[in-house]
Each structure stands twice: as structure tokens, then as C-alpha cells.
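Participant: Let me give you the structure first, and then I'll get to my questions.
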Amino acid sequence: RKEVEQDPGPFNVPEGATVAFNCTYSNSASQSFFWYRQDCRKEPKLLMSVYSSGNEDGRFTAQLNRASQYISLLIRDSKLSDSATYLCVVNPPGRRALTFGSGTRLQVQP
Amino acid sequence: NAGVMQNPRHLVRRRGQEARLRCSPMKGHSHVYWYRQLPEEGLKFMVYLQKENIIDESGMPKERFSAEFPKEGPSILRIQQVVRGDSAAYFCASSPPEEWTEAFFGQGTRLTVV
């Protein structure tokens, strides 16, 4: 089983739609969680951290469910500029680097 | 506060040559990570370093690849005797000393082996 698993998509949605991505992780002792965004041929950029209590940043909401070992990202009122690959990232226990999922592609259409 | 700096941005090497990729972490960051991304694929972890120490190199190919992060100067990812399959984007990221924090990426080096 992969350490971090994501549905690769692509998710094709119209502008204004609400879209949700899920991600599961295998190591229950993982300590911190993030969503990154990667545009085509660019470096990944931190979108938001994910906390157990859930957190919101404008149109973006992230949730963590430790019991079920999954993380979610909800995007409301999608914009064309939201088109990108969204990477689920987990910080495993021990002295190890951030582990990235393979990413979920989102294409927002006019 | 400059971000993570990688150079060169683009590197072309002939088969059999050596490639050296450099990464200067953000100010105050002592952890450096290297990732490789093949076209249309996800990020693959290669190596995690702190100053003068390799913490985790479980993602590094056993041969031809090496990495260092000296006390002074940038981190270097070195690929000897490059082959066509080494063509990829190589991203470096850095993070502060605290555990479980996010990492910030450089713009990457695109290596093309001809």
C-alpha cells in the first residue's frame, strides 16, 4: 500500500462548482499534513496546512480525519485559475522527509 | 528573504557526462530535500539532508547519484555518467529545524540528457 494515495483525476468541473479531493495515508503516527498545488512545469507551492479541527482559507477548506486516516480539500466557487494538480502531503514519524501523493488534477472549464 | 534558489534552471548533458545541481535553502533553514519528477508523473523523494549529514537517502538510486550539504555553501546533487532516463525535473525543498513543518520548493532544475 502506498504511503499517501490520491485519486489522480482529472476532475473536470465548470466554473463556480464545488469540488472535493480526498487523500488517504497509511502511517497512523504521521504528525502533520499539508496540501500543495503544482501548476504545469512549475514547483509545488504550499496551499494550506491541515489541522484536526479543520481550517479554512477563503474558498478552500481542509479537513483531517485521524481515525480514518484521510485528508480532504474542498474548493468552493471554482475559478479557472484553480486548474492545477493538488498534492496531498504527509509528514511521517521519525526523521523522514515529507511524503507526497501523486496528485489530483483539476481542470476548471468556462 | 530570498526563497529556495536552484541553479541552473536548465541543464543539458550528453550521455556519460556528469550533472551537478545546486540548491541554496531559505535563510534559517537547515533541512534540504531533493525530489525528482519525471514527465507526467508525481514527485519522488530522493534524499533528505541536514548540514553535513545525510538523514535519509532511501530514495536515491544505488549508483551514479550522490548528494551533499556542506557546512558552507549550497547542497549539491551529483549525477555521474548520465543516461537518457535521468532526464527529469529535479526539485529541492528546504524547511526550518523544527519538526513537522512545511517545506518550500525551489523552481527546479530541468535536466535533459541527449
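Since every read-out is calculated from the coordinates, none of them should be taken as a lab result. Remember, it's a predicted structure, so these values are computed and weren't measured experimentally. Because the Cβ atoms are built from the backbone with ideal geometry, glycine has one as well, and the counts that use them run over all protein chains shown.
Participant: Lone cysteines in chain A, defined as no other cysteine's Cβ under 4.7 Å from theirs: which are they?
Facilitator: For chain A, the answer is A:Cys40, because their Cβ atoms have no other cysteine Cβ under 4.7 Å.
Participant: Given +1 on the Cβ of Lys and Arg, -1 on the Cβ of Asp and Glu, and no further charges, what dipole in debye does chain A carry about its Cα centre, rounded to the nearest 20?
Facilitator: Values: 13 positive and 10 negative charges, 69 e Å.
That gives chain A a dipole magnitude of about 340 debye.
Participant: Can you divide the C-alpha Rg of the protein assembly as shown by 2.2 N^0.38 Å and report the result to two decimal places?
Facilitator: 1.03
Participant: If you don't mind, another one. Treating only the Cβ atoms of Lys and Arg (+1) and Asp and Glu (-1) as charged, compute the dipole magnitude of the protein assembly as shown about its Cα centre; round to the nearest 20 debye.
Facilitator: The calculation lands at about 780 debye.
Participant: Something else about it: Could you quote the convex hull projected area for region A:1-102, Cα atoms only and averaged over all directions, in nm²?
Facilitator: 6.6 nm²
Participant: Relative contact order of chain B: what whole-number percent is it, with Cα pairs under 8 angstrom and at least 6 residues apart? Intermediate results must be reported in sequence, preceding the final value.
Facilitator: Details: 291 pairs, mean separation 41.9, N = 114.
So the answer I get is 37 percent.
Participant: Given just the C-alpha atoms of region B:19-114, how large is their convex hull per residue in cubic angstrom?
Facilitator: Dividing the Cα hull volume of region B:19-114 by its residues yields 99 Å³.
Participant: Within 10 Å of each candidate Cβ there may be at most 10 other Cβ atoms; applying that plus a DSSP loop requirement, which GluC sites (Glu not before Pro) in region B:6-114 survive?
Facilitator: Listed in order of number, the matching sites are B:Glu40, B:Glu52, B:Glu63, B:Glu72, B:Glu98.
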